[in-house]
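> Next up is a structure, given as structure tokens.
The values are calculated or read from the model by the stated rules, or taken from the named source; none is laboratory data. All figures in this text were calculated on a predicted structure; none of them were measured in a lab. Here Cβ is always computed from backbone atoms with ideal geometry, including for glycine, and neighbour counts include all displayed protein chains. Accessible surface areas use protein heavy atoms only, side chains included; no ligands, DNA or RNA. Shrake-Rupley method; radii C 1.70, N 1.55, O 1.52, S 1.80 Å.
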Amino acid sequence: GAVVSQHPSWVICKSGTSVKIECRSLDFQATTMFWYRQFPKQSLMLMATSNEGSKATYEQGVEKDKFLINHASLTLSTLTVTSAHPEDSSFYICSARLAVGSYNEQFFGPGTRLTVL
Amino acid sequence: SQKIEQNSEALNIQEGKTATLTCNYTNYSPAYLQWYRQDPGRGPVFLLLIRENEKEKRKERLKVTFDTTLKQSLFHITASQPADSATYLCAPSGRGGATNKLIFGTGTLLAVQP
């Protein structure tokens, strides 16, 4: 159980276009989902926390108008990279929180490799 | 600001030996700490969670310790196998609300030689 999927697994786009990445919890409902970005040989950097039915909370330094997050249902959150540029090329990973008492365990998707030309 | 440090150098060990990975944190008092494994080009996979009132946690060949005085967690893999080769990430976290988010360490690359 606790499977999280992402789509697409990789995408190549031209500079200036927008790209949407989907994150789905397949066998559980996730009230909270998280979006991370990971550059080569670096750790995961949290971009934003997405709560179903409300606005996402962005980490300091992350542009909310550039990285649009929508969490319309308990099983789906989307991240849209608007007007993508080469510096946005990265590995984007989502996770969904599975509450265990007052602590939480996160299950991660397989990631989406974005390459902006 | 919160800082989480893991062995920056890759850890190379021989198959069958015990691998020990270190996670140190500063300016932080996490209620629990999680360890994840990440393979190249893949998302992290949850391994173990240890709470602040637990000194040690075991799961098969894995053992995690949590010393809140030293602000350190150690992650051990006994009888290591080449299949254990991966990057291991530690992630301290708080109790709830806005502190539910995970902040990951830099990760340690483990290479188990056959």
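> Once you've got the GNM for chain B with C-alpha springs shorter than 10 Å, pick whichever of B:Leu49, B:Leu21, B:Leu70 has the biggest mean-square fluctuation.
For chain B, modelled as a Gaussian network with Cα springs under 10 Å, the answer is B:Leu70.
> For region A:20-82, run through the trypsin sites (Lys or Arg not before Pro) and keep only the ones in DSSP coil with at most 11 other Cβ atoms within 10 Å of their Cβ.
A:Lys41
> Moving on. A 27 angstrom limit on the alpha carbon distance is what I want to check against. Which of A:Lys41/B:Lys57; A:Lys55/B:Lys55; A:Lys20/B:Lys101 exceed it?
A:Lys41/B:Lys57; A:Lys55/B:Lys55
> Identify the GluC sites (Glu not before Pro) of region A:1-109 meeting these criteria: DSSP loop state and at most 12 other C-beta atoms within 10 Å of the C-beta.
Listed in order of number, the matching sites are A:Glu63.
> Write down the accessible area per residue of region A:4-101 in Å², having rolled a 1.4 Å probe over the full set of protein chains.
Heavy-atom accessible area per residue stands at 51 Å².
> May I pose another question? Find out how many positive minus negative residues lie around B:Leu62, taking Lys and Arg as positive, Asp and Glu as negative, among other residues whose Cβ is under 13 Å from that of B:Leu62.
Counting the neighbours of B:Leu62, the net charge comes to +3.
> Just the accessible area per residue of chain B, please: how many Å² with a 1.4 Å probe?
Per residue, chain B has 49 Å² of solvent-accessible surface.
> Mind listing which GluC sites (Glu not before Pro) in region B:38-95 are in a DSSP loop and have 12 or fewer other Cβ atoms within 10 Å?
Values: sites: B:Glu52, B:Glu54, B:Glu56, B:Glu60; in loops: B:Glu52, B:Glu54, B:Glu60.
Answer by residue number: B:Glu60.
> From the gyration tensor of the Cα coordinates in region A:30-74, what semi-axes in whole Å does the equivalent ellipsoid have, largest first, with each one equal to sqrt(5λ)?
So the three semi-axes of region A:30-74 are 20, 12, 8 Å.
> Modelled label-to-label distance, A:Phe39 and B:Gln2, 7 Å Cα→beta-carbon offset: nm?
2.1 nm
> Using Cα pairs under 8 angstrom and six or more residues apart, how large is the relative contact order of region A:18-73, in percent?
Taking the mean separation of contacting Cα pairs over the length of region A:18-73, I get 24 percent.
> A further question follows. Report which residues of region A:23-48 become buried by 50 Å² or more of accessible surface when going from the isolated chain to the complete set of protein chains (1.4 Å probe; DNA, RNA and ligands ignored).
Residues losing area: A:Ser43, A:Leu44.
> Cα gyration tensor of region A:2-117, axes a ≥ b ≥ c as square roots of the eigenvalues: rounded (a/c below 1.5), prolate (a/b > b/c) or oblate?
prolate
> Same structure, new question: Label-point separation (nm) for B:Gln72 and B:Gln113, each offset 7 Å from Cα along Cα-to-Cβ?
Taking the two extended label points, one gets 2.6 nm.
> Quick check: at a probe of 1.4 Å, how many percent of the accessible area of the protein assembly as shown sits on carbon and sulfur atoms?
51 percent
> Sticking with this one: If the viscosity is 0.692 mPa s and the temperature 37 °C, what translational diffusion coefficient in µm²/s does Stokes-Einstein give for chain B when Rh comes from Kirkwood over Cα pairs?
D, rounded to a whole number, is 231 µm²/s.
> Cβ under 13 Å from A:Gly111's Cβ, A:Gly111 left aside: what net charge do those residues give with Lys, Arg +1 and Asp, Glu -1?
Summing Lys and Arg as +1 and Asp and Glu as -1 gives +1.
> Am I reading the A/B interface right? What is its buried accessible area, both sides, 1.4 Å probe, to the nearest 100 Å²?
The summed interface area works out to 1700 Å².
> Could you work out the local net charge near A:Ser77, counting Lys and Arg as +1, Asp and Glu as -1, over the other residues with Cβ closer than 13 Å to its Cβ?
Surrounding charge for A:Ser77 is +2.
> Also, I was wondering about something else. Rounded, prolate or oblate: which fits the protein assembly as shown when a ≥ b ≥ c are the square roots of the eigenvalues of the alpha-carbon gyration tensor, with rounded for a/c under 1.5 and prolate only if a/b beats b/c? Don't skip to the answer; put the middle values down first.
Working: a/c = 1.87, a/b = 1.45, b/c = 1.29.
Prolate, because a/c is 1.5 or more and a/b exceeds b/c.
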